[in-house]
Amino acid sequence: MKKFYIETFGCQMNVHDSEKVIGTLLNQGYEQVETPEQAELVLYNTCSIRDKAEQKVFHRLQQFKREHGKGKVFGVLGCVAQQEGDRIFERAPHVSLVCGSASYNKLSDLLVQIENGDRRVTGLSLETDETFDTPMTRRDNPHRAYITIIEGCDKSCAYCVVPMTRGPERSRTSESVLEEARRIADAGYTEIQLLGQNVNSYRDPSDRGWDFARLLRAVAETPGIRRVRFTTSHPRDFVKDIIDAIDENPVLCNHVHLPVQSGSSTVLQRMQRLYTRDQYMRRIEWMKSAKRAIAITTDIIVGFPGETEEDYRETLSLLDEVEYDSLFSFKYSRRPNTPALALDDQIPEEEKSRRLSLLQEHQRAIQMRRNSELLGVTEETMVEGFNRATGQWIGRTSRNQTLNFTHAWHPEPGTGDNLIGRYLPVRVTRAGPNSLAGEALLSAN
Ligand code: SAM
Ligand code: SF4
């Protein structure tokens, strides 16, 4: 049983967890294959943040049920594994392995048990103070590397399964983070993205006792690293020192993702978010008064139980007040074992859909306006690829925006240098609500 296939659902944390799981398996002599048909071991790294994500996983498991008879072994990893536990064996009897992210350190042992013929093995304990550090991580993107700095979550937002699926908060030592950053730079990566459910709750468990801003400054000093990003930040733990660090050091990208969820303090309180609209706005003001123009993005949930039309209007007014550069918006989804299940006044599905599409339309106009302000501006752009259909290079700015561009000397890959992975100055010549287009400046290349 040495060939494996893995499919990943959900957020960047899951994508990076899969990279570490792949590293662990390769280290154990497994070989990764491209399709489940070719594999003997089929793994799904799952997400249960919303109902739809969870349904997708069970749907996928059903699709390959027949294959079990042909000797394939199926494993469910991640949030659905943790949330459903042993019940997965009832719902999908062809599954042999169920392992939550807090038990990935035991994954090698669990696989050995399966190789030895155990039909059902689980790793479901949440009582851990360990993080998942692997000797080998298989990274797919050749230029941007993820580094987890903190796992789990100690908050208890009323709608959210994460504290139950990822366990308590635990930070890695600053030394192990910096060591990984140095290894990544030596391997040729130029961009690092620090990951955690709440990166800014980071607290170095070693004697140094560093906070997040201190860690951020140190990672930015890694020789060879040109960009450092971080996600996600929790407004409650967001201190001004983080903005000061961004102001001081251009290696720290001028982008902050600060999920607000709602513009109504009443809803925020019922969500147990631990801040009011005013407190959130104070953090936005720090960003707006920074020396560098910082792009701000957020997450919004519409239709949380009891959200009145008035509450909803407050969210729209917050969008106008902040003028976000981009946002992720979701309809509230009832999740098992969360405090919000007990709240009265669930909003009907059609009403949630109405609020969501209106909000997205509202934000689209804001983004159109914001992006138009960038016309004529030159942005340093990291070249990520080339789009043959449009004949444009695909770039990403420090503000985390896509900037597609043409290059007079290199109209396409193969004509002279390959631009992918390089950092180029690009002037913005066109702006749409979701992306920018421009031309590479030639003199400075
Ligand atoms: N830790 C981050 C924070 O506190 O903002 C967010 C992590 S969560 C994985 C990503 C986003 O999913 C949240 O910001 C929220 O907008 C959304 N989300 C979480 N639970 C949800 C639910 N039950 N229904 C709808 N959206 C949800
Ligand atoms: Fe979920 Fe809240 Fe923790 Fe974010 S802070 S992961 S939304 S419980």
Q) If the chain between residue 105 and residue 249 were fully stretched, how many nm would it gain, using 0.36 nm times the residue separation less the Cα-Cα distance? A) 48.3 nm
Q. Can you give the Kirkwood hydrodynamic radius for segment 321-406, in Å, rounded to one decimal and based on Cα pairs?
A. 16.4 Å
Q | Calculated FRET value between residue 40 and residue 390, using beta carbons and R₀ = 56 Å, to 0.05 | A | 0.85
Q) Size of segment 22-123 along its principal axes in angstrom, Cα-based, largest extent first? A) 36, 30, 25
Q.
For a Förster distance of 51 Å, can you work out the FRET efficiency between the beta-carbons of residue 15 and residue 427, rounded to the nearest 0.05?
A. 0.95
Q) So which residue, out of 413, 235, 168, gets the largest mean-square fluctuation from a GNM of the chain using Cα contacts under 10 Å as springs? A) 413
Q) Between their Cα atoms, which of 106/155; 2/72; 240/288; 2/70 are more than 19 Å away from each other? A) 106/155
Q) What residues have an amide H closer than 5 Å to that of residue 385, excluding those fewer than 5 places away on the same chain, when H is modeled at 1.01 Å from N in the peptide plane? A) 394
Q | Amide H contacts of residue 146 (H built 1.01 Å from N, under 5 Å, at least 5 apart or other chain) | A | 193
Q: Take the alpha carbon atoms of segment 287-363, find their center, do the same for segment 182-215, and report the distance between the two centers in whole angstrom.
A: 29 Å
Q: Determine, for 234, 59, the number of other Cβ atoms within 10 Å of each Cβ, and report the residues in order from fewest to most.
A: 59, 234
Q: Treat each spin label as a single point 7 Å out from the Cα along the C-beta direction, and report the residue 70 to residue 341 distance in nm.
A: 3.8 nm
Q.
Quick check: residue separation of residue 91 and residue 353 times 0.36 nm, minus the Cα distance between them. What number comes out in nm?
A. 91.3 nm
**Q.** Calculated Rg and Dmax of segment 288-360 using C-alpha coordinates, Å
**A.** 14.4, 45
Q: Among 388, 183, rank each residue by its count of other Cβ atoms within 10 Å, from fewest to most, as a rough exposure measure.
A: 388, 183
**Q.** Cα convex hull of segment 39-83, projected area averaged across orientations, nm²
**A.** 3.0 nm²
Q: Under 13 Å from the Cβ of residue 384, count the other residues' Cβ atoms, weight Lys and Arg +1, Asp and Glu -1, and hand me the total.
A: +2
Q.
5 Å is the cut-off here: which amide hydrogens, built 1.01 Å from N in the peptide plane, fall below it relative to residue 32, excluding neighbours closer than 5 in sequence?
A. 4
(Q) Students often forget the sequence filter, so: which lysines lie under 21 Å Cα-Cα from residue 52 once same-chain residues fewer than 8 apart are removed? (A) 65, 331, 352
Q) Going out from 0 in 10 Å bins, what whole percent of all Cα-Cα distances in segment 301-445 drops into each bin? A) 11, 31, 22, 18, 14, 5, 0
Q: Using the number of other C-beta atoms within 10 angstrom as an exposure proxy, rank 345, 325, 211, 17 with the fewest first.
A: 345, 211, 325, 17
Q: Indicate the gyration tensor shape class of segment 98-185 (rounded, prolate or oblate), computed on the Cα atoms with a ≥ b ≥ c the square roots of the eigenvalues: a/c under 1.5 is rounded; otherwise a/b larger than b/c is prolate and the rest oblate.
A: oblate
Q) Among the Cys residues of the chain, which have no other cysteine Cβ under 4.7 angstrom away? A) 11, 47, 79, 99, 153, 253
**Q.** Cα pair count fraction exceeding 37 Å, expressed as % - the chain
**A.** 30 percent
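Treating only the Cβ atoms of Lys and Arg (+1) and Asp and Glu (-1) as charged, compute the dipole magnitude of the chain about its Cα centre; round to the nearest 20 debye.
The calculated dipole for the chain is roughly 600 debye.
Report the semi-axes of the equivalent ellipsoid for segment 174-265 in whole Å, largest first, where each axis is √(5λ) for an eigenvalue λ of the Cα gyration tensor.
Ellipsoid half-lengths, sorted descending, are 23, 15, 12 Å.
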Q) Hey, with R₀ at 41 Å, roughly what FRET efficiency would residue 412 and residue 3 work out to, going by the Cβ-Cβ distance, to 0.05? A) 0.70
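Pulled fully out, how much extra length does the chain show between residue 154 and residue 293, if you take 0.36 nm times their separation in residues and subtract their Cα-Cα distance?
Contour length minus Cα-Cα distance gives 46.9 nm.
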Q. What are the extents of the Cα atoms of segment 177-221 along their three principal axes, listed from largest to smallest and rounded to whole Å?
A. 29, 23, 14
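Values in this text are rule-based calculations from the coordinates and carry no lab data. Quantities reported herein were computed from a predicted structural model and do not represent experimental measurements. Note: ideal-geometry Cβ built from the backbone for every residue, glycine included; neighbour counts use all protein chains shown.
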